[in-house]
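To start, the structure under review is shown below, and the notes come after it.
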Number of protein chains: 2
Amino acid sequence: MKVCLVQKNCNFTIDENISQSEKIILEAAKKNVDIIVFSELFLCRYFCISYEQKNFDLALEDNSKIIKHFSNLAFSNNIAIVFPYFEKRTQGIYHNSVILFDKDGSIAGKYRKMHIPDDPGYFEKFYFTPGDLGFEPINCSLGKIGILICWDQWFPEAARIMALKGAQMLIYPTAIGFDGKDSKLEQNKQLDSWLTIQRSHAIANSLPVISVNRVGLESDNKQKIKFWGNSFVCGPQGEFIEKAGYTEQILFVDVDLNQSEKIRRTWPFFRDRRYKDYAEISRCFIDT
Amino acid sequence: MKVCLVQKNCNFTIDENISQSEKIILEAAKKNVDIIVFSELFLCRYFCISYEQKNFDLALEDNSKIIKHFSNLAFSNNIAIVFPYFEKRTQGIYHNSVILFDKDGSIAGKYRKMHIPDDPGYFEKFYFTPGDLGFEPINCSLGKIGILICWDQWFPEAARIMALKGAQMLIYPTAIGFDGKDSKLEQNKQLDSWLTIQRSHAIANSLPVISVNRVGLESDNKQKIKFWGNSFVCGPQGEFIEKAGYTEQILFVDVDLNQSEKIRRTWPFFRDRRYKDYAEISRCFIDT
C-alpha cells in the first residue's frame with residue numbers, strides 16, 4: 001500500500017488550503033498513491049489557539065460543498081483520502097473529525113476525536129464535543145483502518161481497542177507544536193515523548209502507525225505555537241520507515257500490512273493478554 | 001530516592017548468586033541506596049530455556065531460609081530489596097514472583113507475574129501458573145511501587161492499572177535476550193522495541209520506570225540466549241536518566257518521584273481518559 005503524508009504549513013484561508021491540497025492530491029495520484037493523509041483540521045489555521053465564537057463559522061456540515069469536492073477528488077484520482085475537518089453536527093454540537101473517502105469517492109466512515117485536550121493555546125474543550133462514535137476502525141477498499149486524532153495518541157486504550165476490532169493500521173492526523181517559552185531540552189523531551197508513545201502503539205499492537213503533523217508558526221496575541229512536523233510511518237515493531245523533519249515535506253511511503261502476521265507469530269502479545277483482569281481500565285481512578 | 005539496579009551475569013549455583021548479591025547489597029548500603037532491584041529469577045540460570053521437571057526443585061516456599069536471609073539483609077542494611085524468585089506455592093502450583101522487602105526487613109508485598117510468555121527458549125507456561133494477585137502496587141516506606149515482571153512490559157494495560165491504583169513508579173525485573181540466529185538488524189529492532197514500550201508506560205502514566213535485565217550467554221543443547229542487559233531508569237516523560245550497556249554493570253540512580261505531579265499538570269492525560277468507552281479492553285478480541 002502506497003501512502004502519502006502531507007506535512008505542510010497552513011495557509012490563512014480555507015480556499016488557499018483547498019487549492020494547494022488539490023495540487024498535492026493530483027501529484028500523489030500520478031505516483032499511484034493509494035491513500036493520502038492530511039493533518040488535523042488541515043483546512044484551517046489552528047483556531048483553537050484562542051477563544052473566538054466566530055471560529056464556529058469555519059465548521060463544515062455534512063452537506064458542505066467542500067466535502068463533496070474532496071469526494072470528487074478521491075473518485076477522479078482513484079485515491080483514498082484521510083480528510084480531517086471541523087464538523088458542525090447541529091447548532092451547539094461541533095466535533096474534531098475525520099472522514100475517510102474511499103477510492104471511489106464514497107464515504108467509507110467517519111471518526112470523531114474522543115480525547116479532547118485543553119491547555120493554554122489548545123482550547124479544544126471550548127470548540128469540540130468529545131466524540132460519540134467510539135473507537136471503530138473504518139472498512140475501506142484498502143483494509144480496516146483505525147483513525148485517531150492528535151490527543152488520542154497519548155492513550156494506549158484507543159490504539160488497543162482499534163486493534164482488538166481488527167484495525168490493520170493506525171493513522172493519527174495531528175497538530176502539535178512547541179511553546180517557545182520552553183527550553184530546547186524540554187522541547188526535545190516533548191517531541192521524543194510524542195514519537196515514543198505512538199511507536200509504542202505500533203509495538204503493543206503489532207501494527208504500522210502513520211502520524212501526520214503540520215509545520216509552521218501560528219499565533220494570536222497571547223500564544224505562539226511552532227508546529228513541530230516530524231510526521232512519520234513506523235512498522236509493527238515501532239521501527240521508523242520514514243520520518244520528516246521540522247519543515248514542509250511530502251512523504252511517499254510503501255506500507256506492508258502483511259508484516260503484522262509475521263510479527264504477531266514471533267511476539268504473540270494478543271495470545272497472552274489477561275483480559276479478564278483488565279476491568280479497572282474502565283475506572284477514572286481507583287481510590288484507596 | 002536512591003535506586004540501585006543490579007545488571008549481572010548469572011552464576012551456576014544459587015549459593016554463588018546469593019553470596020555475590022549479598023556483597024552488592026552491602027556496597028549499595030554504603031552508598032545510602034534506598035532500594036535495590038535484582039533481575040527476574042536472579043538466583044537461577046534461566047532454566048525456562050528447556051523443559052526439565054527437576055527444575056521445579058529450584059523453587060522457594062514461603063518459609064524458605066533464603067527468603068528469611070534476604071529479609072535479614074534488608075533489615076541489617078536498612079535497604080528495600082526487590083527480590084524476584086521462583087515461588088513454590090504448593091505441589092503443582094509455581095509462580096514467577098517478586099517479594100518487596102521493606103527497609104525493616106518486613107515483606108511489604110508480593111507480585112506474581114500475570115502475563116506468561118511461551119516461545120522457543122522461554123518455556124514459561126510449562127513452569128509458571130499465571131499470577132492471581134492482579135495488578136496491585138505495593139505500599140512500602142518509600143511509597144507505592146508497581147512491580148511487574150518481564151513479559152508484562154509489553155502490555156500497556158498492566159502499567160495503566162498500576163497507575164490508576166496510585167503507583168508512583170514502575171519496576172520491571174526482566175530476563176530477555178537475543179536469539180543468535182536473528183540478524184543484527186532484527187536484534188536492534190527488538191532491543192529498541194523493548195526500550196520503547198517501557199518508556200511509553202512512563203509517558204502514558206507520567207511515572208518513572210525502572211527496568212533491570214540480566215546479561216551473559218546461557219544455553220542448553222538446543223537454545224542459546226544472549227541476555228541483552230540495557231537496564232535503565234527513565235523519568236515520567238520517558239527520558240533516559242541512566243542506561244546500562246550489554247555487559248555487567250551496577251547503576252546507582254537518583255529518582256525524583258515529585259516530577260510526576262509537575263508533568264501531570266502539563267500533560268493531563270488522566271483528566272481526559274474516556275474510561276466509560278474502554279470496556280472492550282476486557283475482551284479477548286472483537287469478532288466482526
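No value in this document is a laboratory result; all are computed from the given coordinates. As the structure is a computational prediction, the values presented were derived from the model and not from experiment. No Cβ is skipped: glycine too gets one built from the backbone with ideal geometry, and neighbour counts run over all protein chains shown.
Just check region B:198-288 against the gyration tensor rule for me: Cα atoms, a ≥ b ≥ c as the square roots of the eigenvalues, rounded for a/c under 1.5, and otherwise prolate or oblate depending on whether a/b exceeds b/c. Walk me through the intermediate numbers first.
Numbers: a/c = 4.67, a/b = 1.32, b/c = 3.55.
It is oblate, given that a/c is not under 1.5 and a/b is not larger than b/c.
Based on the alpha-carbon gyration tensor of region B:21-150 and its eigenvalue square roots a ≥ b ≥ c, which shape applies: rounded if a/c is under 1.5, prolate if not and a/b is larger than b/c, or oblate?
prolate
What residue among B:28, B:59, B:167 shows peak mean-square fluctuation when chain B is described by a Gaussian network model with Cα springs under 10 Å?
B:59
What does the copy distance list look like for residue A:262, label position 7 Å along Cα→Cβ, in nm and ordered from shortest?
For residue A:262, the inter-copy label distances come out at 4.4 nm.
For residue A:16, place a label point 7 Å from Cα along the Cα-to-Cβ direction in every copy; what are the distances to the other copies, in nm, shortest first?
Here residue A:16 shows inter-copy label distances of 7.1 nm.
With a 10 Å radius around each residue's Cβ, average the other Cβ atoms per peptide and rank B:216-224, A:90-98, B:33-41, highest first.
Listed from highest to lowest mean packing, they are B:33-41, A:90-98, B:216-224.
Can you list the copy-to-copy distances for residue B:220, using a point 7 angstrom from Cα toward Cβ, in nanometres, shortest first?
Computed spacing set for this position: 6.6 nm.
If you take each beta carbon of peptide B:237-243 and count the beta carbons of other chains within 10 angstrom, what is the mean?
Shielding by partners across B:237-243 averages 3.
Place a point 7 Å from Cα of residue A:270 in the direction of its Cβ. Which residues in region A:154-175 have their backbone N less than 20 Å from it?
Once the point is set 7 Å along Cα→Cβ of residue A:270, A:156-172 turn out to lie under 20 Å by backbone N, inside region A:154-175.
Report the gain in length on full extension from residue A:256 to residue A:69: 0.36 nm times residue separation, minus Cα-Cα distance, nm rounded to one decimal.
Values: separation 187, 0.36 × 187 = 67.32 nm, distance 2.99 nm.
The residue A:256-residue A:69 span can extend by a further 64.3 nm.
Between residue B:32 and residue A:32, what's the calculated FRET efficiency when r is the beta-carbon distance and R0 is 60 Å? Round to 0.05. Numbers along the way, then the final one.
Numbers: r = 64 Å, r/R0 = 1.06.
Efficiency for this residue pair is about 0.40.
Could you check what % of the DSSP bridge pairs in region B:2-282 are antiparallel, to the nearest 5?
Approximately 70 percent, going by the DSSP bridge assignments.
Just want to confirm a number: the relative contact order over chain B, from Cα pairs under 8 angstrom separated by 6+ residues, in percent.
This gives 18 percent for chain B.
Measure out, as a whole number of angstrom, how far apart the alpha-carbon centroids of region A:88-160 and region A:1-76 sit.
Each part's Cα centre sits 15 Å from the other's.
I need the semi-axes of the equivalent ellipsoid of the protein assembly as shown: take the C-alpha gyration tensor, multiply each eigenvalue by 5, square-root it, list largest first in whole angstrom.
Values: eigenvalues 427, 120, 81 Å².
For the protein assembly as shown, the semi-axes come out at 46, 24, 20 Å.
Between residue B:93 and residue B:286, what is the FRET efficiency for a Förster distance of 41 Å, r being their Cβ-Cβ separation, to the nearest 0.05?
0.80
For chain B, which DSSP H helices look membrane-span-like by this rule: Cα extent along the axis of 20 Å or more and mean Kyte-Doolittle of at least -0.5?
Details: long enough: B:14-30 (24 Å, -0.29); B:184-205 (32 Å, -0.87).
The answer, listed by residue number, is B:14-30.
Hey, got the average number of other protein chain Cβ atoms within 10 angstrom for residues in A:263-273?
Mean shielding by partner chains, rounded to a whole number: 5.
Once you order the gyration tensor axes a ≥ b ≥ c over the Cα atoms, which shape class does region A:176-243 get: rounded for a/c under 1.5, otherwise prolate or oblate by comparing a/b with b/c?
On the way: a/c = 3.19, a/b = 2.17, b/c = 1.47.
In terms of gyration-tensor shape, prolate.
Add +1 for every Lys or Arg and -1 for every Asp or Glu among the other residues with Cβ under 12 Å from the Cβ of residue B:268, and state the total.
+2
Could you check the spin-label model distance between residue B:13 and residue A:220? Points 7 Å from the Cα along Cα→Cβ, value in nm.
Taking the two extended label points, one gets 7.4 nm.
Between residue A:2 and residue A:182, 0.36 nm times their residue separation minus their Cα-Cα distance comes to what?
Taking 0.36 nm per residue and subtracting the Cα distance, the gain is 61.1 nm.
Would you mind counting up the charge near residue A:108? Only other residues with Cβ under 12 Å from its Cβ, with Lys and Arg at +1 and Asp and Glu at -1.
Within the 12 Å Cβ shell, the charges total 0.
Find the centroid of the Cα atoms in region B:169-203 and in region A:206-221, then give the distance between the two in whole Å.
Between the Cα centre of region B:169-203 and that of region A:206-221, the gap is 27 Å.
Have a look at chain B and give its Rg and Dmax from the Cα atoms, expressed in angstrom.
18.3, 60
Just tell me how shielded B:180-193 is by partners: mean number of partner chain Cβ atoms within 10 Å of each residue's Cβ, no decimals.
Rounded to a whole number, the mean comes out at 2.
What value, in deg cm²/dmol to 500, does the helix sum -39500 (n - 2.57) over DSSP H runs of n ≥ 4 give at 222 nm once divided by the residues of chain B? Could the numbers behind the result be given before it?
Details: 7 runs with 77 residues, N = 288.
Calculated mean residue ellipticity at 222 nm is -8000 deg cm²/dmol.
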